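Everything below concerns the one structure shown next.
Please treat every number below as a calculation from the coordinates, not as lab data. Predicted model only: the values in this text are computed from it and were never measured. Neighbour counts are summed over all protein chains in view; Cβ atoms, including those assigned to glycine, are modelled from backbone coordinates with ideal geometry.
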Amino acid sequence: NAGVTQTPKFQVLKTGQSMTLQCAQDMNHNSMYWYRQDPGMGLRLIYYSASEGTTDKGEVPNGYNVSRLNKREFSLRLESAAPSQTSVYFCASKMDRAWNQPQHFGDGTRLSIL
Amino acid sequence: SQQGEEDPQALSIQEGENATMNCSYKTSINNLQWYRQNSGRGLVHLILIRSNEREKHSGRLRVTLDTSKKSSSLLITASRAADTASYFCATDKGGGADGLTFGKGTHLIIQP
């Protein structure tokens, strides 16, 4: 039972480099999410995809792009990394749009921008 | 913006004692959820309480919700060393799939 799988687990980038964080879920969920977690800030929503073929901005979308490649995969791209994007990134999924459902999280990607 | 704010930020108790943490939020909600995060891991869902519910139990967990005060509490009874983790409340404003709004978390340490 893999659940939500994120790759890579760790990454160090230089300012200005680009990178794509990968996320895949094997639970046949329709909705997927990207959050970032900074010390003392809790999790903040970057982008989400309510269903395959749709994406929407969350609370902190600037500097990021996303792609819902298919029902299983939802990737997050940093086009030109900045030190302020140093964070732990979590992908999550849930069954569908219904509001009374929990989200399932991956173990995160720890990203450092030098 | 942070919707939920947990209190206290950190809590250290002896194994076997009960642990209580609180969460306050700002806007109306459809449900409130509690998650646990072990060090270096992702969040694990613990319990969901709907806005029309006042109390909910799951094993050693008891959650209350007071929508008039915009607050919730999580009680863990008979704590164990394995309960050491950070605990987050998250609110779902409804409207479908537009994500959760998390608080900053309570870091719980259970001392043997």
Enumerated strands (runs of 3 or more DSSP E) restricted to region A:29-105, each holding at least 3 residues that are within 10 Å of chain B (Cβ to nearest Cβ): A:31-38, A:42-49, A:87-94
If we scan region B:68-87, do we find a residue that is at positive phi and in contact with a Phe, Trp or Tyr (Cβ under 9 Å, 6 or more places away or on another chain)? yes
Can you name every residue in region B:35-67 that is more than 10 Å from chain A (Cβ to nearest Cβ) and at positive phi? B:59
On the given criteria, is residue B:79 among the hydroxyl-bearing types (Ser, Thr, Tyr), farther than 29 Å from residue A:96 by Cβ and crowded, with 18+ Cβ neighbours inside 10 Å? yes
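I'd like the residue in region A:12-27 that is touching a residue at least 60 places away in the same chain (Cβ under 8 Å) and outside any strand (DSSP E or B) and, out of all such residues, is nearest to residue A:105 (Cα to Cα). Let's see the steps before the verdict.
Going residue by residue through region A:12-27, those that are touching a residue at least 60 places away in the same chain (Cβ under 8 Å) are A:12-19, A:21, A:23, A:25, A:27.
Filter once more, keeping what is outside any strand (DSSP E or B): A:14-18, A:27.
On the way: A:14: 27, A:15: 28, A:16: 28, A:17: 26, A:18: 24, A:27: 12 Å.
Only one residue fits best here, namely A:27.
Condition check ((1) more than 13 Å from the chain's Cα centre (by Cα); (2) under 25 Å from residue B:32 (Cβ atoms)) across all residues:
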site: A:5; (1), (2): no, no
site: A:46; (1), (2): no, yes
site: A:57; (1), (2): no, yes
site: A:70; (1), (2): yes, no
site: A:80; (1), (2): yes, no
site: A:106; (1), (2): no, yes
Restricting the search to region B:1-55, which residues are free of Cβ contacts under 8 Å to residues at least 60 places away in the same chain, among the acidic types (Asp, Glu) and surrounded by 14 or more Cβ atoms within 10 Å (Cβ to Cβ)? B:53
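So for region B:8-15 (the condition being aliphatic (A, V, I, L, M), more than 14 Å from chain A (Cβ to nearest Cβ) and out of contact with any helix residue (DSSP H, G or I) (no Cβ under 8 Å at 6 or more places or on another chain)), does at least one residue qualify? Give the steps one after another, and end with the answer.
From region B:8-15, those aliphatic (A, V, I, L, M) are B:10-11, B:13; that's our starting set.
Applying the additional criterion that residues be more than 14 Å from chain A (Cβ to nearest Cβ) yields B:11, B:13.
From what is left, the residues that are out of contact with any helix residue (DSSP H, G or I) (no Cβ under 8 Å at 6 or more places or on another chain) are B:11, B:13.
Looking for residues that are aliphatic (A, V, I, L, M), more than 14 Å from chain A (Cβ to nearest Cβ) and out of contact with any helix residue (DSSP H, G or I) (no Cβ under 8 Å at 6 or more places or on another chain), one finds at least one in region B:8-15, hence yes.
For region B:56-103, which residues satisfy the criterion of being among the hydrophobic types (A, V, I, L, M, F, W, C) and either free of Cβ contacts under 8 Å to residues at least 60 places away in the same chain or more than 20 Å from residue B:41 (Cα to Cα) (or both)? Break it down into steps so the answer makes sense when it comes.
Of all residues in region B:56-103, those among the hydrophobic types (A, V, I, L, M, F, W, C) come to B:61, B:63, B:65, B:74-76, B:78, B:81-82, B:85, B:88-90, B:97, B:100, B:102.
Selection gives B:61, B:63, B:65, B:74, B:75, B:76, B:78, B:82, B:85, B:97.
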Residues in region B:95-107: is at least one in contact with a Leu (Cβ under 6 Å, 6 or more places away or on another chain) and within 13 Å of residue B:33 (Cβ to Cβ)? yes
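Looking for something crowded, with 17+ Cβ neighbours inside 10 Å, β-branched (Val, Ile, Thr) and in contact (Cβ under 8 Å) with a residue 40 or more places away in the chain - is there at least one such residue anywhere in region A:82-94?
Looking only at region A:82-94, we keep the residues that are crowded, with 17+ Cβ neighbours inside 10 Å, and these are A:85, A:87-94.
Going one step further and asking which of them are β-branched (Val, Ile, Thr), we end up with A:88.
In the following step, the residues that additionally are in contact (Cβ under 8 Å) with a residue 40 or more places away in the chain were identified as A:88.
The answer is yes, given that some residue of region A:82-94 is crowded, with 17+ Cβ neighbours inside 10 Å, β-branched (Val, Ile, Thr) and in contact (Cβ under 8 Å) with a residue 40 or more places away in the chain.
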Residue B:101 versus (1) within 11 Å of chain A (Cβ to nearest Cβ); (2) over 23 Å from residue A:60 (Cα atoms); (3) surrounded by 22 or more Cβ atoms within 10 Å (Cβ to Cβ): which is the lone unmet condition? (2)
